[in-house]
Structures are given as structure tokens and as C-alpha cells.
Amino acid sequence: MYTPKEFKQDNGDLIFELIDLFPLGLLITTSESKVSLSHLPFLFEREYAQQGRLLGHFAKANPQWRELEDIDEAIVVFSGPNSYVSPSWYHLESVPTWNYSVVHIYGKPTIIHDRGEKRAVLDKLTDRHESSSIEPWRSDFDSPTQSKMLEAVVAFEIVVTKVEAKFKLSQNKDEIDQLNVINHLAASPSTRSQETSLLMKKALPFSVPE
């Protein structure tokens, strides 16, 4: 990934937060001359091994899962807050651009064949997203319906070997323009723009007045 040094992000907390808030990743695998892609929800276990691992699952009807048994590396792309930035917001002449945040995770994929471990992966994914519910849904894979559904999915893990993160958030502008961008995005009716403004406040190395 092309990443000018001012846009390179090494803050593990910000990277983890992006994946946690935007867990729908793009899984990319290559097999001979074919490139396969699937959009899948992931759970990032940060404390696993040296750099963490991703947990996910396919529908068994998706043929991409078979490729994971034959490759040494897969890539998962996570996209975070992003928004258009108008040159009219700058005090110095410039051109239109786009602020965005992305994380690329590289790692060794492994299919989880054990039924109990597969259940555990699905429970972890479900519990993560049910945690904010007043009455969280709980799985019952011993029921006939859910047992049949369990057989229709394939769980897997990706043990992380490399993380690349690019947060392009006006770091190449001076502080006045950065504050102008933050304020314009915060005032936008677009939730996406507001999220980008919040990320800029977290990522840029100065205090933003309230």
C-alpha cells in the first residue's frame, strides 16, 4: 500500500479501534492466476500470539474457503471513517481531496475443522455484536435448526504477521487548515463526515478546542 510517511499509522489502539468499530473486512486471496474476494465480519483478538489474530466464517457454499487450505498468506482490508474535503476549507490555496483511514492485515489462514472450536468462533462473533442489546441473543447449536446452520458455515482464523495502516487525515496541512477541516466535517449532516472529524481529533498530535 502506498503510504507517505505522514499518513502512516502505528498507534495500535487506533488501529484496533478501527477494526472494532468497522469489522466488515474484505478478505483477499490469490490462487494461481485467480484473485478471490469476500466481504466478511471479523473479530480481532489483539492479545493472541505476537500481533493478534482475526476470526471469521464463510458460508460453505462460498468456494473461497477452500483456498485458505492451500495458501500461506491472506490479506484483509478494513475501511474506517472517510469523507470528501473541500479546498474552500483551507486558508491556503489547494485542491479537493479525500480523508480516509484503512488497515491492511496480512496473516496465515487456517480452517477450523473441529466442531466445538467452530461453535466457539461463532459464539465470539455473535457475543461481540449482541453485547449492546438489552436482551442479547444466544446461540443454541444443539437445536435442530441451528445445528443444521452450523454445518453450513466454515470458520477460520488468520494469525497476523503484518499490519499496515494508513490514516490520511490532513497531516500534510498546517494546524489552521487541520482545524478548519475538523470543524467543517463535524458540522456536516453526514454521519460519515462526523466520524472522520472525530478520528482526526484522536489521531492528530494537538489538542482540539471544544
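Structure values in brief
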quantity	calculated
For Leu26: the one exception among (1) assigned to a helix (DSSP H, G or I); (2) surrounded by fewer than 17 Cβ atoms within 10 Å (Cβ to Cβ); (3) among the hydrophobic types (A, V, I, L, M, F, W, C)	(1)
The stretch 32-52, subset assigned to a strand (DSSP E or B), over 13 Å from the mean Cα position of the chain (by Cα) and surrounded by fewer than 14 Cβ atoms within 10 Å (Cβ to Cβ), residue modelled with the highest pLDDT	Leu37
Count - residues of the stretch 121-173 that are more than 19 Å from Leu18 (Cβ to Cβ), of a type in the set (D, E, K, R), surrounded by 14 or more Cβ atoms within 10 Å (Cβ to Cβ) and touching a helix residue (DSSP H, G or I) at 6+ places or on another chain (Cβ under 8 Å)	2
Selection from the stretch 1-15 of residues that are charged (D, E, K, R) and under 12 Å from Leu169 (Cβ atoms)	Glu6, Lys8
Options Val181, Val154, Val121: the member that is of a type in the set (A, V, I, L, M, F, W, C) and assigned to a strand (DSSP E or B)	Val154
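Rundown of residues vs (1) among the acidic types (Asp, Glu); (2) at pLDDT 95 or above; (3) surrounded by fewer than 16 Cβ atoms within 10 Å (Cβ to Cβ), yes/no style:
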| residue | (1), (2), (3) |
| --- | --- |
| Asp70 | yes, no, yes |
| Ala74 | no, yes, no |
| Phe78 | no, yes, no |
| Pro81 | no, yes, no |
| Tyr84 | no, yes, yes |
| Ser88 | no, no, yes |
| Ser94 | no, no, yes |
| Val103 | no, yes, no |
| Pro109 | no, yes, no |
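The values are calculated or read from the model by the stated rules, or taken from the named source; none is laboratory data. Note that the coordinates shown come from a computational prediction; the quantities given were computed from them, not determined experimentally. Here Cβ is always computed from backbone atoms with ideal geometry, including for glycine, and neighbour counts include all displayed protein chains.
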